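Okay, so here's the structure we're looking at.
The values are calculated or read from the model by the stated rules, or taken from the named source; none is laboratory data. As the structure is a prediction and not an experimental result, all values here were calculated from the model. Methodologically, a virtual Cβ is constructed for each residue, glycine included, from the backbone with ideal geometry; neighbour enumeration extends over all protein chains shown. In case anyone asks, the SASA skips ligands and DNA or RNA and just uses the protein heavy atoms, side chains included. Shrake-Rupley method; radii C 1.70, N 1.55, O 1.52, S 1.80 Å.
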Amino acid sequence: MTDPQLEWLELETPNDDLDEPRLTRIARYVDAANRVTQHHWGDDAHDTTVDEIVSSLRHPDDEVTRRFLVVEGGRDVGRAIASINAEEGSRIAYVSAWVVPEERGRGIGRAMAEQLQEIGRELGATTLQSWVDHRPPAEGDEAMSAVSGHGAIALDAPARLAVSLGYTLEQVDRISELDVLTARADLERHRADALAHAGEDYETRAWQGPTPPELLDAMAALHGRMVTDAPSAGLDVDDERWDAARVQRLEAELTEAGQTLLQSVAIHRASGEAVAFTVLVLPAPGRPAFQEDTLVHADHRGHRLGMLVKAENLLQLGRLHPDRTRVITWNASENRPMLAVNEALGFVAVGAEGAWQKRLGDGAAADGARP
């Protein structure tokens, strides 16, 4: 088989909304990405948009990210990403290579992955990580279990490629979906039960849009704990420094991308501190909501605060956006406390995401991760 002759066209930040050459390349990149997600999922729930990519390009403060449209013989055959935390001393690069369905089986994914490895090195990485969409094993499937011992995936082509390139399946996330209309009947009960269990020590607060100024520092502290408190199995982790300004930058990026934020926190009355939070991100109308970060501070676990903030935020979703009928989320397979909350709310498993890792010096990334 002849090695593919690939051209890597890097995305650049548009100078303005009329910067046709750069915007056209971004649109082609988005189209390639969405062909992959639609092929895997069977609908447009996981699509991305031009506005989302442009907003990311215009907010480079906290991550150094390189995005490429990959072309062969004048055809758009894939898209690639390499990204690393902008903080000094960061050593972990996220890499992702997606090949459009009709171009697979010709070595393009391998060639892209190998090139991404070199780009990761150029960014200063000593470890590469890639999050890849898979199917959970069905009866008769050859399966592969995570090194953590929790969760498994069907041993598909992306998994075989990752293994051949020296990646290890460190963790498996369960991808779950909630039918919001069915869940609404029980949300008030879930909230009341959780609040009764939490007692008088805690209260909740929810809002749409940017974080209120008086909560910015507390939200920064909670975001900063995500890398240390969330289950990470054997994945290497770079420390992240969060402050109020970083929270505002993240929220500005999402807002400029046309996404709406719904957030809920539990506040410890005695200290006045927010000690648990959850975030729903709503992309363009007609698409599902995405349940993003949820965290309960380690010192305040055991009070059903995870259920409390999630139920509060889903009630807020119903009040403000009754048209949103689906919520999609990701949870580490070993994170039984959060999975139990989601199961009680009505989330059901719809897929699996593999967290692959390669320490350089041990070959780059498989086809499939988020755009």
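For the range 47-63, the candidate set comprises residues that are over 16 Å from the mean Cα position of the chain (by Cα) and closer than 14 Å to T24 by Cα; within that set, the residue that is most open to solvent (accessible area, probe 1.4 Å) is D51. Looking only at residues in the range 332-371 that are more than 18 Å from the chain's Cα centre (by Cα) and crowded, with 19+ Cβ neighbours inside 10 Å, the one that is modelled with the lowest pLDDT is A364.
In the range 294-305, the residues that are under 10 Å from V265 (Cα atoms) form Cβ pairs under 9 Å with partners that are open to solvent by less than 60 Å² (accessible area, probe 1.4 Å) and of a type in the set (K, R), at six or more places apart or across chains, as follows: T294/K310.
Of the residues that sit in the range 13-46 and are touching a strand residue (DSSP E or B) at 6+ places or on another chain (Cβ under 9 Å) and within 30 Å of W242 (Cβ to Cβ), which one is most open to solvent (accessible area, probe 1.4 Å)? Among them, the one singled out is H46.
Annotation for the range 198-210: at least one member residue is open to solvent by 70 Å² or more (accessible area, probe 1.4 Å) and within 22 Å of the chain's Cα centre (by Cα). Residue count for the range 315-331, restricted to those that are closer than 29 Å to A152 by Cβ and either part of a loop (DSSP other than H, G, I, E, B) or open to solvent by 10 Å² or more (accessible area, probe 1.4 Å) (or both): 3. Contact map, the range 94-110: residues that are in a loop (DSSP other than H, G, I, E, B) paired with residues that are charged (D, E, K, R) and buried (at least 17 other Cβ atoms within 10 Å of the Cβ), Cβ distance under 6 Å, separation 6+ or inter-chain. Pairs shown: V100/R35.
Taken over the range 47-91, the criterion of being over 23 Å from P283 (Cβ atoms), of a type in the set (K, R), touching a strand residue (DSSP E or B) at 6+ places or on another chain (Cβ under 7 Å) and part of a strand (DSSP E or B) is satisfied by R66 alone.
Of all residues in the range 216-228, those satisfying the criterion of being over 17 Å from the mean Cα position of the chain (by Cα) and open to solvent by 20 Å² or more (accessible area, probe 1.4 Å) are D217, A221. For the range 99-140, a residue qualifies if it is among the charged types (D, E, K, R) and open to solvent by less than 40 Å² (accessible area, probe 1.4 Å), and the qualifying residues are E103, D133. Scanning the range 246-286 for residues that are out of contact with any helix residue (DSSP H, G or I) (no Cβ under 9 Å at 6 or more places or on another chain) and open to solvent by 20 Å² or more (accessible area, probe 1.4 Å) yields R249, S271, P285, G286. Would you say R189 is at negative phi and open to solvent by 40 Å² or more (accessible area, probe 1.4 Å)? Taking the combined requirement at face value, the residue satisfies it.
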